[in-house]
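Peer 1: Can you keep this structure in mind? I'll have questions shortly.
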Amino acid sequence: MSWQVIEKDGQKIRVAVHRDKRGTWISHQGIVTLVANDSGRQKSKQAENIIEAPMTGKIVSIEVEPGEQVEEGVVLIIMEAMKMEYRLKAPIAGQVDKVQCEAGELVDLGKTLVSLK
């Protein structure tokens, strides 16, 4: 994984970039996007109800349990990467369907951590 600085609306933004056989993964503020090799078109890898690891890192804590109702913006997972803490929030209100990680686990970019229904 590497870091790139891009400019958007006159502001500089630092994003995580990872390349693999499927294409280029770009991560910023908990949103992971795959630019596929085969089509050259940008595809969102994260559905509204799926929370994926925005980069390779360590799960510090899991703030929810399956079956729990959550509001949009509630912190679901706290992870650490590159000596920084990231709070992954619910993109929508809903019920926690599955938690697919454990505290202390090392996860790769794009791994599904929590799904909502």
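The values are calculated or read from the model by the stated rules, or taken from the named source; none is laboratory data. In this text the structure is predicted, and so the values were computed from the model without any measurement. We place every Cβ from the backbone using ideal geometry, glycine too, and count neighbours over all the protein chains shown. Side chains included, ligands, DNA and RNA excluded: accessible areas come from the protein's heavy atoms. Shrake-Rupley method; radii C 1.70, N 1.55, O 1.52, S 1.80 Å.
Peer 1: Report every pair of residues separated by at least 6 positions or lying on different chains whose Cβ atoms are under 6 Å apart, first residue within the range 47-61 and part of a strand (DSSP E or B), second of a type in the set (Gly, Ala, Ser) and at pLDDT 90 or above.
Peer 2: Close Cβ pairs (under 6 Å, with a partner that is of a type in the set (Gly, Ala, Ser) and at pLDDT 90 or above) amount to 50/115; 59/103; 61/103.
So that you can scan it fast, the table gives a plain yes or no per residue for (1) open to solvent by 90 Å² or more (accessible area, probe 1.4 Å); (2) at pLDDT 90 or above; (3) more than 13 Å from the chain's Cα centre (by Cα):
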position: 15; (1), (2), (3): no, no, no
position: 29; (1), (2), (3): yes, no, no
position: 35; (1), (2), (3): no, no, yes
position: 46; (1), (2), (3): no, no, no
position: 54; (1), (2), (3): no, no, no
position: 64; (1), (2), (3): no, yes, yes
position: 74; (1), (2), (3): no, yes, yes
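Peer 1: Answer yes or no as to whether residue 87 is at pLDDT 90 or above and either over 25 Å from residue 21 (Cα atoms) or not small (Gly, Ala, Ser) (or both). Give the steps one after another, and end with the answer.
Peer 2: Working: at pLDDT 90 or above: yes; either over 25 Å from residue 21 (Cα atoms) or not small (Gly, Ala, Ser) (or both): yes.
Taking the combined requirement at face value, the residue satisfies it.
Peer 1: Does the range 77-101 hold any residues that are in contact (Cβ under 8 Å) with a residue 12 or more places away in the chain and either farther than 14 Å from residue 113 by Cα or of a type in the set (D, E, K, R) (or both), and which are they?
Peer 2: Looking only at the range 77-101, we keep the residues that are in contact (Cβ under 8 Å) with a residue 12 or more places away in the chain, and these are 77-82, 85-101.
Selection gives 80, 81, 82, 85, 87, 89, 92, 93, 94, 95, 97, 98.
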